[in-house]
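First the structure, in the form of structure tokens, and then the observations on it.
The values are calculated or read from the model by the stated rules, or taken from the named source; none is laboratory data. None of the values given here were measured: they were computed from a predicted structure. Please note: Cβ atoms are built from the backbone with ideal geometry, for glycine as well, and neighbour counts cover all protein chains shown.
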Amino acid sequence: MSRILSFANKGCLVLLLFLLMLSVSCTKSEDDIRHVIGVAQANLSDPWREVMNAEILAAASEYAEVRVVFSNAGGSSVKQKADIERMIRLGVDLLIVSPVDSRSISPVIQDVYANLPVIVLDKAIEGYDYSLFIGVDNDLVGQLAGRHIKRLSLGRPIQVIEVTGDLNALPVVERMEGLRNALKDAPEIEIIGSFSAGWQRDLAEDLTEEHRSLFEQSDVVFAHNDAMAYGVHRALERYGVKNKPIIGIDGISGPQGGLELVFEGILEATITCPTGGEEAVLRAMDILEHQSGLPKKIILRSSLVTQETLASQSSPIPALRKDSPITLGFAHPGRESAWRLANIKSIGDAAKDEGIRLIEVNANNSQEAQIAAIRSFIDAGVDVIGFSPIVATGWDEVLREARDAGIPVICSDRTVEVSDENLVTTYLVSDFWEEGRRAAQWLKDETAQEDQIKIVEIAGLPGSTPAIDRAAGFAEVVDQSPHLTLIDSTPGDFIENLGYEAMVRLLIRHSQIDAVFAHNDDMALGAIRAIEEAGLNPGKDILLVSIDGVREAFLAMRRGKLNCTVECSPLLGPPLMKAVKDFVAGEELPLRINPEEGVFPMEVARELIGTRPY
Ligand code: AHR
């Protein structure tokens, strides 16, 4: 319910909103309305956004108690800010914002979020001041285009023209980067031009005319949406240029949508970019109904669509749609940390709660053992395989075996680097990069008055995604902070005793250490032991920041020995079981789901220790 209007006033509110804004008409009785969702749309000049609104409307129509009101900013951030403020004044219960421009709308969203749930759709904003973000991985979208261009080139030298959306938009930057990353190892492919046509078909058409000879000379055109791709096609067609492969993005259905354009051979390919409209309404309902364990980020799956994939018409692994109990085989990497024990418990408890038969194997910190466990699940014919990959690489072969056996694979906790992203059905993972960034940000703020802070890092298991990404996120902030210097980094494999040994080595190597960044709490606890043995005061002589947020870390903070822990939630059991059940029921799973996570400095440890779930 709105904090502004009482339940009894809801009918009047709806009427008011209805009159004041471009709003939804449907047959719901005003008396039934319990929740009003405001949708601040960036513009409606591109068909993809019309689809987003239509999806929102269709999903909301399933709930008699929900009313949706829309605004259209017409591409103006100023107007979008005014739209949002008006919706808030009128008392919507939840806001869905698809930003015109992430940077300028971030502070507005931050303010709204202080009082109201906000779902950010499509363009991510800076920081975490929102309830939930839903969007695609735009870097991956660019990479999918790049990989397809490589397939088209067959190793021959070819020239590519890129037609981008609005250059200030983050998705454009990420798509451009993704494309270039995918082409890094293909020097024979040259990008001979990159032009912005602001997402507009007509602008792309004009642009193609303006640079006619360059477009004619190119071998492939990659446009950042299907509308622009179609614009390029229209211009080239006028000049009698036929069969130039044009790749777009979006893949919406309906007349002149990307799927139809590919089907008709007008576009060589499109990369799907789901709008997230339906997902936003489903998650809005979870938020409004105060469900627990809600995610922070949902990254939707994008895939390449060509005439061939349209003809095969099948998802990589078809849904099971079975009524009998589901069997999940899960391969844990080991029992290396308190975090892992909490994670194993969460998975076991959730399987029990959901009536899912769980076969568990513990790989004892060995990738070979984890691969063998996955093979044993394939042989046993489980319905779904889950695993928390010990390291990022080396999984292609066994995951292909699982796919060939028709068994979906869900990665929980950590991601993998594979050649074909369809080998994994979904990822339920923390944002490790953000965790590292947050740890550094805390240290930066805490030591802002100091001239020079020398930091040592005790890293997690080499090759594991948390170790790689936490180090990268941490380094990014350190590199931009003149008073912070990372003087050494050594692994402790996420194990308490190895954290202790790492700290002993670091204390011998360096006469001055001001701060320790440990990639998990267990290693920080080991480091505390070593620091005390060296006759120093952890938490005072040497600051310590770590990651996980386990109870032992809170105890250490209460004793003043650990300064801060950044949360990494091990409570992945419930979302894992939900994903398993959704898949079996035939629902399309997102590419990636990140849980909600916080930052806990020692000042809040005493107050929060009793509330910690692990
Ligand atoms: O992958 C999550 C990490 O693995 C945790 O941060 C660490 O404690 C665990 O071992």
Any chance segment 444-465 includes a residue that's in a helix (DSSP H, G or I), within 12 Å of the ligand (Cβ to nearest atom) and not assigned by TED's automatic domain parsing to the domain that holds residue 582? yes
How many residues are more than 14 Å from the ligand (Cβ to nearest atom) and assigned to a loop (DSSP other than H, G, I, E, B) if we restrict to segment 333-352? 0
Within segment 91-100, identify whether any single residue is assigned to a loop (DSSP other than H, G, I, E, B), within 17 Å of the chain's Cα centre (by Cα) and either at pLDDT 95 or above or farther than 30 Å from residue 221 by Cβ (or both), and answer yes or no. yes
Single unsatisfied condition, residue 386 versus (1) small (Gly, Ala, Ser); (2) within 16 Å of the ligand (Cβ to nearest atom); (3) in a helix (DSSP H, G or I): (3)
Just to be sure, is residue 479 more than 16 Å from the ligand (Cβ to nearest atom) and without any contact (Cβ under 8 Å) to a residue 12 or more places away in the chain? yes
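Condition (residue is acidic (Asp, Glu) and farther than 15 Å from residue 220 by Cβ) applied to segment 129-136: is it met by at least one residue? Before the answer, list the steps.
First pass over segment 129-136, keeping only residues acidic (Asp, Glu): 129.
Remaining after also requiring farther than 15 Å from residue 220 by Cβ: 129.
The answer is yes; a qualifying residue exists.
Quick test for you: out of 236, 259, 282, pick the one residue that is in contact with a strand residue (DSSP E or B) (Cβ under 7 Å, 6 or more places away or on another chain) and not β-branched (Val, Ile, Thr). Steps first, please.
Working: 236 fails: in contact with a strand residue (DSSP E or B) (Cβ under 7 Å, 6 or more places away or on another chain); 282 fails: in contact with a strand residue (DSSP E or B) (Cβ under 7 Å, 6 or more places away or on another chain).
So the residue among 236, 259, 282 that is in contact with a strand residue (DSSP E or B) (Cβ under 7 Å, 6 or more places away or on another chain) and not β-branched (Val, Ile, Thr) is 259.
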Would you confirm, using the coordinates I've provided, whether residue 436 is within 16 Å of the ligand (Cβ to nearest atom), in a helix (DSSP H, G or I) and touching a residue at least 60 places away in the same chain (Cβ under 8 Å)? yes
List every residue pair whose Cβ atoms sit under 9 Å apart, with the two residues 6 or more apart in sequence or on different chains, where the first one lies in segment 455-471 and is without any contact (Cβ under 8 Å) to a residue 60 or more places away in the chain and charged (D, E, K, R) and the second, anywhere, is within 12 Å of the ligand (Cβ to nearest atom) and part of a helix (DSSP H, G or I). 469/432; 469/435; 469/436
Which of the residues belonging to segment 517-552 are acidic (Asp, Glu) and more than 16 Å from the ligand (Cβ to nearest atom)? 532, 533, 541
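In segment 488-503, is there at least one residue being at pLDDT 95 or above, within 22 Å of residue 452 (Cα to Cα), buried (at least 19 other Cβ atoms within 10 Å of the Cβ) and more than 16 Å from the ligand (Cβ to nearest atom)?
Yes; the residues of segment 488-503 include at least one that is at pLDDT 95 or above, within 22 Å of residue 452 (Cα to Cα), buried (at least 19 other Cβ atoms within 10 Å of the Cβ) and more than 16 Å from the ligand (Cβ to nearest atom).
Within segment 122-232, which helices (runs of 4 or more DSSP H) (wholly inside it) include 2 or more residues that are β-branched (Val, Ile, Thr)? First the steps, then the outcome.
Values: elements: 138-153, 170-183, 201-210, 212-217.
Where helices (runs of 4 or more DSSP H) fall fully within segment 122-232 and carry at least 2 residues being β-branched (Val, Ile, Thr), they are 138-153, 170-183.
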